[in-house]
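Following: one structure in structure tokens, then a few remarks.
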Amino acid sequence: MAVLVFIEQRDGQIRSVSREALGEAARLVAAGLEGPVMGVCAAASDPGLAGLGEAGAKEVMLATHEAFARYEPTGYAQAVAAAVEKVKPSAVLFAGSSMGRDLAPRVAARLGVGLATDCVALAVEGSRLVATRPVYAGKATQKVGFTRAPAMVSLRPKVFAPHGGNGGPATVTALPFPYDPAAVKARVVEIKATSAGKADLTEAEIIVSGGRGLKGPEHFDLVEGLALALGGTVGASRAVVDAGWRPHADQVGQTGKTVSPKLYVAVAISGAIQHLAGMSSSRCIVAINKDPEAPIFKVADYGIVGDAFEVVPALTEAIRKLNAQG
Ligand SMILES: Cc1cc2nc3c(=O)[nH]c(=O)nc-3n(C[C@H](O)[C@H](O)[C@H](O)COP(=O)(O)OP(=O)(O)OC[C@H]3O[C@@H](n4cnc5c(N)ncnc54)[C@H](O)[C@@H]3O)c2cc1C
């Protein structure tokens with residue numbers, strides 16, 4: 001028995017969402033799930049897994065293959081399934097990142113077990129895992145139990161805190177697994193960064209999103225300027241993406257990305273339920289909208305009723321001045 005966490009790496013870097021999942025796994029073990037906390041990683045070479053002892057892992061199994069330099073769905077799923085068969089965990093945790101969203105259902109289907117996606121809370125009730133996840137575009141939450149082991153869950157990024165960390169190095173062991181690259185039918189050939197140098201939306205601490213009220217793609221420089229001043233990443237509503245003003249990778253919401261940054265600034269976004277589904281768990285929400293009745297104000301911690309074309313430049317300038325003062 002163990003609680004198993006899929007450790008995500010990209011370009012040889014362990015992703016922070018995996019530290020969040022390890023932290024939650026450690027808390028579940030402290031709350032009564034049978035440990036230890038173990039990890040499984042697929043990579044071309046060891047991305048520094050021993051260091052995950054500090055993040056709560058006791059042991060990390062590493063499946064290596066040169067094809068694993070980038071995400072390879074078939075091989076990664078085989079590796080995680082092999083780890084599950086080896087350690088027979090009571091629960092398997094994935095990050096609800098782009099990779100986790102793709103991989104977790106593949107592993108669950110392969111093992112014939114249930115999967116609760118996009119969880120925002122986990123608890124141990126009578127030594128069994130219970131997951132809480134939003135449903136109906138965030139209008140309600142649902143508690144999910146599992147009838148078969150292992151219980152599989154994916155965790156909404158930025159909701160779970162990483163482990164405080166005082167453990168020694170994790171033991172890293174080689175994981176034997178069946179893998180025939182020739183049998184792979186689909187392969188990821190390239191992953192393109194959409195905004196160079198900026199954090200991915202799902203991992204960003206600060207997001208400034210723009211909506212249809214900006215009236216055209218040429219006015220997104222306002223949003224970009226504010227994001228730059230705040231050190232944040234640019235997001236968008238679906239209306240803007242559908243209009244071709246921004247790429248789909250920027251879309252926040254039910255059919256876009258689910259984000260939970262420390263600060264979410266919504267500029268000229270009405271706050272339709274499908275948009276709220278993707279950002280309402282943000283820690284602090286600031287809305288800028290000229291309509292005082294806009295639904296976004298119902299979820300906002302701070303609201304500015306005003307014209308974005310006046311408010312955003314003034315706000316950006318004030319933040320730049322504060323930055324300059326250090
Ligand atoms: C199945 C389904 C899935 C969907 N998925 C998503 C999703 O993932 N993400 C998403 O965002 N939407 C999604 N939508 C669409 C959603 O319902 C809304 O249509 C969309 O979010 C509206 O985008 P918006 O707020 O930018 O535009 P609008 O609703 O047109 O709002 C524009 C806002 O800008 C304000 N405004 C106008 N001018 C100014 C100004 N000068 N200064 C300040 N404010 C101004 C207006 O008052 C208004 O509130 C989905 C819809 C469906 C049916």
Exercise for review: Within the stretch 294-305, identify whether any single residue is within 9 Å of the ligand (Cβ to nearest atom), modelled with pLDDT of 95 or more and assigned to a helix (DSSP H, G or I), and answer yes or no.
Suggested key: yes
Check your understanding: What about ALA249, is it closer than 20 Å to GLY96 by Cβ, open to solvent by 20 Å² or more (accessible area, probe 1.4 Å) and assigned to a helix (DSSP H, G or I)?
Key -> yes
Check your understanding: For residues in the stretch 185-214 being among the aliphatic types (A, V, I, L, M) and at pLDDT 85 or above, which is nearest to the ligand (Cβ to nearest atom)?
Key -> LEU214
Revision key, fill the gap. Of (1) surrounded by fewer than 18 Cβ atoms within 10 Å (Cβ to Cβ); (2) over 24 Å from PRO181 (Cβ atoms); (3) out of contact with any helix residue (DSSP H, G or I) (no Cβ under 8 Å at 6 or more places or on another chain), SER16 satisfies every one except (3)
Check your understanding: Do we find that ALA55 is outside any helix (DSSP H, G or I) and in the same structural domain as ARG156 (by TED's automatic domain parsing) in this structure?
Key -> yes
Exercise for review: Would you be able to tell me the number of residues in the stretch 159-184 that are at pLDDT 95 or above and either in contact with a Ser or Thr (Cβ under 8 Å, 6 or more places away or on another chain) or outside the structural domain of VAL40 (by TED's automatic domain parsing) (or both)?
Suggested key: 1
Study note, to complete from the structure: Of all strands (runs of 3 or more DSSP E) fully inside the stretch 117-184, the set with 3 or more residues that are of a type in the set (A, V, I, L, M, F, W, C) is 121-125, 128-135, 151-155
Review point. Just one of LYS257, LYS290, LYS262 is under 21 Å from PHE160 (Cα atoms), in contact (Cβ under 8 Å) with a residue 12 or more places away in the chain, within 11 Å of the ligand (Cβ to nearest atom) and in the same structural domain as ARG212 (by TED's automatic domain parsing); which is it?
Key: LYS257
Study note, to complete from the structure: Within the stretch 43-60, restricting to residues that are more than 23 Å from PHE160 (Cα to Cα) and hydrophobic (A, V, I, L, M, F, W, C), the one that is least open to solvent (accessible area, probe 1.4 Å) is ALA43
Review point. How about the stretch 252-275: which of its residues are surrounded by 19 or more Cβ atoms within 10 Å (Cβ to Cβ) and β-branched (Val, Ile, Thr)?
Key: VAL252, THR258, VAL259, VAL265, VAL267, ILE269
Exercise for review: Could you please tell me which pairs satisfy a Cβ distance under 8 Å, a separation of 6+ or placement on different chains, a first residue in the stretch 307-321 that is more than 11 Å from LEU226 (Cα to Cα), and a second residue that is of a type in the set (A, V, I, L, M, F, W, C) and within 16 Å of the ligand (Cβ to nearest atom)?
Suggested key: ALA308/LEU214; ALA308/LEU222; ALA308/VAL267; ALA308/ALA268; ALA308/ILE288; PHE309/LEU222
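The values are calculated or read from the model by the stated rules, or taken from the named source; none is laboratory data. Remember, it's a predicted structure, so these values are computed and weren't measured experimentally. When we count neighbours, we look across all protein chains shown, and the Cβ atoms used for this are built from the backbone with ideal geometry, even at glycine. These area figures cover heavy atoms from the full protein model, side chains too; ligands, DNA and RNA do not enter into them. Shrake-Rupley method; radii C 1.70, N 1.55, O 1.52, S 1.80 Å.
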